[in-house]
1. Setting aside same-chain residues fewer than 8 positions from LYS17, which lysines have a Cα under 27 Å from its Cα?
2. Quick one: which residues, 5+ away or cross-chain, put their amide H under 5 Å from the amide H of TYR90? H built at 1.01 Å from N.
3. At 4 °C and a viscosity of 1.567 mPa s, what translational diffusion coefficient does Stokes-Einstein give for region 77-134, taking Rh as the Kirkwood radius over Cα pairs? Give it in µm²/s as a whole number.
4. Strictly over 20 Å apart at the Cα level, which of LYS97/LYS131; LYS98/LYS131; LYS88/LYS142; LYS88/LYS131 would you flag in this model?
5. If you average the sequence gap of Cα pairs under 8 Å that are 6 or more apart and divide by the length of region 25-149, what percent do you get for the contact order?
6. With θ set to phi - 60°, apply the Karplus curve 6.51 cos²θ - 1.76 cosθ + 1.60 along region 83-88 and write out the HN-Hα couplings as whole Hz, x wherever there is a Gly or Pro.
Amino acid sequence: MPKRRESLSPLEQRFVKEFQVDLNGTQAALRAGYSPKTARQLGARLLSKVGIQAAIAVQRQAQAQRIDISADRTIFEAARLAFYDLRKVYAADGTLKKIHDIDDDTAAALQGIETIEEYDAKGLWTGRVRKVRMAPKLPAVKLVGQHLGAFQRGGLSGEDITFLEQLLTLILRHVHDASARSEIAGFLQGYVSGAGPRPAAPALGAGGSAA
């Protein structure tokens with residue numbers, strides 16, 4: 001006979017709903033009505049219960065279906081952030097393209113365009129500067145790599161290593177900051193070699209530059 005699903009109390013059901021807000025067990029416990037003194041411990045305990053885990057899984061699946069989120073779509077969007085080419089936001093003459101002229105893949109990685117009007121000491125307009133802010137590449141690269149199983153230390157196949165080498169070449173082709181290039185290379189090569197302690201991910205700022 002199939003195992004009967006564990007029934008949840010009204011308070012536990014509320015916890016499951018609140019957990020979908022920010023995926024934070026402590027905050028979900030507080031919003032559900034549990035005591036602030038024990039919310040942290042209870043949050044962890046509730047999340048370890050099989051019945052609550054099953055209910056959360058059902059809620060997340062339903063949510064994903066409502067807003068059309070799938071693993072394929074998530075990885076597709078992550079790949080856009082990992083492999084965009086900054087040069088594609090500029091026209092051949094070096095001027096910034098109009099927003100509607102930027103291709104979809106590059107536009108997906110565009111976080112914002114800041115326009116700064118410049119004036120001289122007399123208050124006369126002298127020009128305009130536009131700053132482009134792109135999404136950082138490394139978090140997306142890590143997500144794609146983890147999805148493909150490329151970062152499982154001790155279990156890299158020849159195909160995995162080839163993938164990482166090609167990925168590294170592609171990234172370094174589009175990252176022009178020397179410090180960032182060095183850190184990214186060391187980070188990915190550390191996974192390939194599997195030697196020594198796990199390398200710390202370099203903290204990169206927007207556009208792939210070292211923070």
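Rule-based calculations on the coordinates, nothing more; no lab input. Since the model is a prediction, treat every value here as computed from it, not as a measurement.
1. By straight Cα distance, LYS17 reaches LYS3, LYS37, LYS49.
2. Answer set, sorted by chain and number: LYS97.
3. 101
4. LYS88/LYS142
5. Here the relative contact order equals 20 percent.
6. 10, 5, 10, 4, 4, 6
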